[in-house]
Each structure stands twice: as structure tokens, then as C-alpha cells.
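The values are calculated or read from the model by the stated rules, or taken from the named source; none is laboratory data. Source: prediction; values computed, not measured. In this analysis, Cβ positions are derived from the backbone assuming ideal geometry, glycine residues included, and neighbour counts consider all displayed protein chains.
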Amino acid sequence: MARDHRFSTAGETAVRENTAKFRWQVLRRHVEDGTPLTQLAGLEGIGVRTLQRWLAAYRRDGVAGLLPVVPKRARRTHPELQTLIEGLALSKPKLSIAAITRKAQAKATQRGWPMVSYSTVRSIVTALDPGMVTLAHQGSAAYRDNYEMIWRHRAEQPNATWQADHTELDIVILNTNQQPVRPWMTGILDDHSRVVCGYMVFLGAPSAMNTALALRHGIWPKNDPDWPMCGVPDRLYVDHGPDFTSDHLAQTARDLHFEIIYSTVARPQGRGKIERLFGTINTELLADLPGHLSQGQRHPKPVLTLPELDAAIGSFIAETYHQREHPEIHATPRQTWIGDGWLPRLPESIDDLNLLLLTVAKPRIVHRDGIHFQGLRYVSPLLAAYVKEPVVIRYDPRDISEIRVFHKGQYICKAVNPEHASATVSLKDIQAARSARRRQLRGQINERITVVTSSQPTPPSVSGSPPEEPGWKKPKLRTYLEDD
């Protein structure tokens, strides 16, 4: 489209170029990454038809087609009035186009400038640099997350860096009580190949144990030949969630010799790769399953159970996601991870891995009657040589009927609780029993307090006092039961 360069300024040209760059940054996620326009519209707050118009212009003229058209009437606006309009558009709180138009028209009348219309004001406002508008209205954090350049790093080889994160899935399923619940997923992604090394689908909030189970799935070889990814990573990239900053995970990292790297607080860009994986699962897999939380159906009927959802996600990852070409690495994740063939670093046995991931370490002292933990007593004949010695115990929160005992880093024995030697007792069971006992004792206390209270003489009321009983003397000051 031809335009009159007499009315073009260097500032206007820079603004138009920045606008075109912004539009390309948005469209690139569709053109290069394959993100649907409908999903982009929701993420960016831009209309689908606008994105479709940008895409058509890009396909016709390339990035140059994304340059905004110069407002035809902008040249008739007085320069000082245009500056005023732009300043009003960048002021806080944010003003509507109509409010800016009224203020601009009042100023034009006062100064004798040519009058501006609503459409002219709207053209001037929409031509502003989107980054400048975001910085003015939403602050530095929003500008940083949307417009500042980031360094897109890719690990140099498989298992060099894994990313781990959680997401609440966009689906409703049935729990064991046949009640509708929304599940969570912990995913572990290899940064180099984009394969899913391991995952965990669960109910309830994310926890250190769910993270450990996902790591166990990622590290140990799987029975599925289509899912060969395994091994211990060199680095694990996570956020600052309590399950990732737990002592349990830190100890596991030391024992398995991998480094934990935490993302910068309030800077989620580094975790974008695994978040795109979650978006793929939500939009491509879950959208076709019953119970999906779509915009048109806020309360869908749950059908699937947790094992059925787990199986569906596992099949999608192994049979679809791993087997198709990834738009950023231009190869399938599975083939990229395998490469020319290599041997991943593995623990010596699954028992060693379970001991590190699925148990928690605690320091204790060996007493004459055994080791005391969580109100239970654990004994073993081999503990006789370690009375009054400090030891480290490892226990599985899912079964604390037994513990493993270590002395100076060496395994000593397995100690059991005599009262539950043949049963499986979880830490939650013990905590629930404690809570029930406290409630029972509190009820007994309340019963006795009620008896004490009811046995106290009732003082006469201020008005309408009953006749005084013989031997009862009216006090000069009012007293209350709490004062006795």
C-alpha cells in the first residue's frame, strides 16, 4: 500500500516496526510451534479474527505485512494535541477511548486546534507501541514477561537437563468414592530431546512423594519398548514449590549425584517447554475425553477413573507425542533422545532407587529399648551394638511398620515395630489415629468441664432476681463464673 512519506517521522516508523515485531512474536507460536490460533487468542487476549487477519497479511507479504497502516487523518491532528492524546492513553488509571476523546476535544476547543473525532483518537491510541502501553499500565513485571528478550537455551545432550513441574489438568474424573475431582499431573521433560522421561497423575495437591514417584518413573527403565527413556539426569530444573525445595529431594540429589537448579522467582519463562507439553496434553488429548473442562461446559459429567486417565496419557505420550516431529528440534523426540546410541547413568538396582526416592531420612539415637519414631518403637537384635549411638533412619511414608537403619553411612539393619510387624501402617494412619485420640480426650475434658460448670451456684440476675435462699448472702460486686 502506498503512503505519503511527507507525514512519516522517525518515531512513527519505529513504532510501526515495533508493532510488526510484536505481531510476529505472537504469530510465530502458531507458524513455528503449531499453537492453535484459538489457544493463542486466549493466552494473549487478542481476538481470533484479528489473529486470522494478521496471519493472512503475513502469508501475503511476510513480516512487512504486519506493519500497521498509518492513520489517514493523523496528519490533520495538531502535533501537541496528538502528544496529549498519547499521554492520556498511557496514564493510570487506564482511560477509555471515549474519555480520551472528550478530554482531547475540550483541549482542542480551548486552544483553537482542529477538532478530533473518536476514530482519529482510536487510531492514535492503537498505534502506540504495545510494549510501552504494557509498561505504563501493568508495570515492569508484565513488560518483562511479555516483551523482554530471553535466552532460549537447549541442553547439549540427552539427560543433561530435565525440567519438572506440575499442572492441574483440564478434566474432571471420578475418585474412589465416585465423586467428581480434578486431577494433577507431574511431568519430567528432557530439555534436549523434549521427550517425557517420566510423569505421575494423582489426586490432591502436589507433594514431595508425588515428585519422587515421577522421578522414579523417569529414572528407571520402563517395560514399554516404545518408551526407552531412562537414567539419572545431570541437572533437574524446577521452581520454588515446597515439594521441590524439600530436604527429601535435596538428599536424593546428593545420593544420585545430580544438581537441582531453581528458576528465578517470578520468572516463569525458563519453564516454558514443559508448560507447552502440558498445553499439548490439555488441548490435544483431554479435549477429546469425557469430562473435559471446555469453555462451553463448566460442569461436565465425569466418566473416567484415575487409572483410565493415567493409561490414556501414557499412550498419548508414547504413541503420539514421542513419535511425531517436534517443530523446534525438527525431529521426533524419541529419535533425538536415542541418537546414535548411548548408555544412560542408572542406579545399581531398583531397590536402591526406591530406598532413595520413596523413603525419607531422619536422624535418631538408638535407645536401650530400640529406636523411637512417630510414637512407635522399632527393634532389631543388630541394634544392641549401637545403643546411644546416632544413626540415620529411612522410612517409607506409605508404610512405617518398618524402618531401615544406617550408621555412619553404612546400612545396619531393618528394624520393625513389634505391634505392627505383619501389617502395613502409613504415616497418615498414625497421624489420623493421633487426631482421633486427641478428639476423644478433648471430648472427655469437655464433659467434665460441663459437670463442673453445672455444679456452680447460679447468681441472681440483675432484674427479676429470685428470692434469696437462706444462708446465701448477696455480694456487693457482681461476679462471673469465669472469675471463680
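Restrict the check to segment 364-385 and report whether at least one residue is on the phi > 0 side of the Ramachandran plot and without any contact (Cβ under 8 Å) to a residue 12 or more places away in the chain. Break it down stepwise before answering.
So the first thing to find is which residues in segment 364-385 are on the phi > 0 side of the Ramachandran plot, and the list is 370, 374-375.
Imposing the further condition that a residue be without any contact (Cβ under 8 Å) to a residue 12 or more places away in the chain reduces the set to none.
No: zero hits.
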Failed condition for G87, given (1) among the small types (G, A, S); (2) at pLDDT 85 or above; (3) within 37 Å of the chain's Cα centre (by Cα), with all others met?
-> (3)
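So that you can scan it fast, the table gives a plain yes or no per residue for (1) outside any loop (DSSP other than H, G, I, E, B); (2) of a type outside the set (G, A, S):
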| position | (1), (2) |
| --- | --- |
| A205 | no, no |
| M209 | yes, yes |
| G218 | yes, no |
| P221 | no, yes |
| D224 | no, yes |
| P228 | no, yes |
| P233 | no, yes |
| Y237 | yes, yes |
| G241 | no, no |
Output the residues belonging to segment 289-329 that are part of a strand (DSSP E or B) and under 25 Å from T35 (Cα atoms).
-> H292, S294, Q297, H326
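Scanning for something closer than 23 Å to E17 by Cα and not small (G, A, S), does segment 103-116 turn up at least one residue? Write out each step before concluding.
Just the residues of segment 103-116 that are closer than 23 Å to E17 by Cα, to begin with: none.
Within segment 103-116 (the criterion being closer than 23 Å to E17 by Cα and not small (G, A, S)), the answer is no, since none of the residues qualifies.
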What pairs come up if the first residue lies in segment 273-288 and is closer than 13 Å to T38 by Cβ and free of Cβ contacts under 8 Å to residues at least 60 places away in the same chain, the second is surrounded by 19 or more Cβ atoms within 10 Å (Cβ to Cβ) and of a type in the set (S, T, Y), and their beta carbons are under 9 Å apart, counting only those six or more places apart or on different chains?
-> E284/Y321
Leading residue by the ranking (surrounded by the fewest Cβ atoms within 10 Å (Cβ to Cβ)) among those in segment 221-240 that are among the hydrophobic types (A, V, I, L, M, F, W, C) and within 23 Å of the chain's Cα centre (by Cα) = V238
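Considering only residues that are touching a Gly at 6+ places or on another chain (Cβ under 9 Å) and closer than 28 Å to R235 by Cβ, which ones fall in segment 164-182?
Initial filter on segment 164-182 (touching a Gly at 6+ places or on another chain (Cβ under 9 Å)): 164-167, 171-174, 180-181.
Passing the criteria: A164, D165, H166, T167.
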With the condition kept exactly as written, say whether any residue in segment 171-189 is out of contact with any Pro (no Cβ under 8 Å at 6 or more places or on another chain), over 29 Å from K301 (Cα atoms), of a type in the set (D, E, K, R) and surrounded by fewer than 20 Cβ atoms within 10 Å (Cβ to Cβ).
-> no
Across segment 252-262, the tally of residues that are small (G, A, S) and outside any helix (DSSP H, G or I) stands at 0
Answer yes if at least one residue in segment 184-207 is polar (S, T, N, Q) and free of Cβ contacts under 8 Å to residues at least 24 places away in the same chain, and no otherwise.
-> no
Check segment 41-60 and report whether any residue there is out of contact with any strand residue (DSSP E or B) (no Cβ under 9 Å at 6 or more places or on another chain), surrounded by 15 or more Cβ atoms within 10 Å (Cβ to Cβ) and more than 22 Å from L27 (Cβ to Cβ).
-> no
Would you please name the residue that is modelled with the lowest pLDDT, looking only at residues in segment 14-73 that are among the hydrophobic types (A, V, I, L, M, F, W, C) and more than 26 Å from R276 (Cα to Cα)?
-> V70
State whether one or more residues within segment 327-345 are in contact (Cβ under 8 Å) with a residue 60 or more places away in the chain, closer than 24 Å to D234 by Cα and acidic (D, E).
-> yes
Test L249 against the criterion of being within 23 Å of V360 (Cβ to Cβ), touching a Ser or Thr at 6+ places or on another chain (Cβ under 8 Å) and either modelled with pLDDT of 90 or more or part of a strand (DSSP E or B) (or both), and give yes or no.
-> no
Could you check how many residues of segment 292-314 are closer than 19 Å to Y199 by Cα, surrounded by 14 or more Cβ atoms within 10 Å (Cβ to Cβ) and not charged (D, E, K, R)?
-> 7
Count of segment 102-145 residues which are without any contact (Cβ under 8 Å) to a residue 40 or more places away in the chain, out of contact with any Leu (no Cβ under 7 Å at 6 or more places or on another chain) and not in a helix (DSSP H, G or I) | 4
Could you list, in sequence order, all residues of segment 358-378 that are more than 22 Å from A250 (Cβ to Cβ) and small (G, A, S)?
-> G370, G375
Name every residue in segment 108-139 that is farther than 29 Å from I46 by Cβ and buried (at least 17 other Cβ atoms within 10 Å of the Cβ), in order of residue number.
-> A108, W113
Hey, could you check segment 287-318 for residues that are farther than 29 Å from R334 by Cα and of a type in the set (G, A, S) and say which is modelled with the lowest pLDDT?
-> G296
